[in-house]
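Report on one structure; see the data block that follows.
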Amino acid sequence: MTKNINAPALLERFKKGDASAFQEIVVAYQDSIYGLCFHMLGDYHSAQDAAQDTFLKAYQGLKAFRPEASVYTWLYRIAVNTCIDYKRKSSLESLFRHRFDDERLIEQEPSDEPSPERASESGQLAFNLKKALDRLPRKLRAAIVLKEIEGLSYGEIADTLGISLGTVKSRISRARDELKELMQNPQK
Amino acid sequence: MRCSKAKKLLSPYIDNELSAGQKHLIESHVKGCAACSTKLEVLRGLQSSFAHLAMPQAPYGFATRVMSGIAERPKGVPLLLPVFTRLVEAAAIAAIILIGTKAGVLLGSAFVQQRSTMVSSLSLDSFESVQPNSIGGAYIAMMEGTHEK
């Protein structure tokens, strides 16, 4: 997902001490990073904390960032690692939040006003998919979220997660098989 | 192309991540294979279902909060909290194991000591000889007299 900002110029400004350049990076990527954290963690509260931590870590490491690398791939990598740390720490806590967030998820339907039947169908589909996504192992979830939600190519996913193309292919394929199974048999 | 090979390539196929040659092989296989054709439809259905997921946007004022967080953070303080937290977790686990082991050893030695005290209390050495003019002494004398007969 390419953002319409001049990342090298912003980085140059930041290295010269212009903090507002970093704010422009935050504004450009905040929705992507927040959305990624939400789909990785499954709740809005943790997503906000994780997204904020992602940018704080990025700020600290920005001076050492290699300009030839892609800013968003680098940010996604920090976000995925931050979410994995969060998931490890707050797996018990998140159990109590899922129900509330699932309800909010259905409320956030796209605003193109579908028919009530269609809205109900897509709401149920979103609910089932999110439930299945939440139960997916972390590594598979990271790969499928980057592919289906962030729209990254296999090469970009490999760069983000630091894995080979073959591993990306296998994780996405396994993620789809498991999602299909979990959606068909939610009690499993 | 065999089904086992085709099934592995269906996922990269729908992601448009195959070479032109592989793409062609998959398309010809799917035309003649009902099982792979069904699997392809299922994968496409799953792919399109992601469009129904909510795409949350960062909350209002998010960027401002991030910048405030950066400004409030003392300069030169590294963001090593996760590493620190993990070290604390590891230390806590080690302390629990150590305390558990120590408690086990202490309880074990106390039990052994208690058991040896109980056994020694049942030893004949702990009984005193009976006084001849006591009720016990009279009873023993009577019993000895009965046995002598």
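Results, tabulated for the structure shown:
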| read-out | value |
| --- | --- |
| Sequence of A:Tyr59, A:Tyr34, B:Tyr60 when ordered by accessible area, the most exposed leading, probe 1.4 angstrom | B:Tyr60, A:Tyr59, A:Tyr34 |
| Average partner coverage of A:126-132, which counts Cβ from other chains inside 10 Å | 3 |
| Spin-label pair B:Ser37/B:Ala71, simplified geometry with 7 Å Cα→Cβ offset, distance in nm | 6.4 |
| Given A:Lys87/B:Lys39; A:Lys169/B:Lys23; A:Lys16/A:Lys87, the pairs whose alpha carbons are separated by over 26 Å | A:Lys87/B:Lys39; A:Lys16/A:Lys87 |
| Cα-centred dipole magnitude for region B:3-50, charges only on beta-carbon of K, R (+1) and D, E (-1), debye, nearest 20 | 160 |
| Rounded to the nearest 10 Å², the accessible area of A:Glu156 at probe 1.4 Å | 50 |
| Estimated distance in nm for a label pair at B:Val112 and B:Val88, the labels positioned 7 Å out from Cα along Cα-to-Cβ | 3.9 |
| Minimum 30 Å² accessible area buried by the other protein chains, region A:13-57 residues, probe 1.4 Å, relative to alone | A:Gln23, A:Val26, A:Gln30, A:Asp31, A:Tyr34, A:His39, A:Gln48, A:Gln52, A:Leu56, A:Lys57 |
| Cα gyration tensor category, rounded, prolate or oblate, for region B:3-50 with a/c compared to 1.5 | oblate |
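The values are calculated or read from the model by the stated rules, or taken from the named source; none is laboratory data. Just so you know, these numbers come straight off a predicted model, no measurement behind them. Counting neighbours? That spans all protein chains shown, and the Cβs are built from the backbone with ideal geometry, glycine included. Surface accessibility is based on the protein's heavy atoms, side chains included, excluding ligands, DNA and RNA. Shrake-Rupley method; radii C 1.70, N 1.55, O 1.52, S 1.80 Å.
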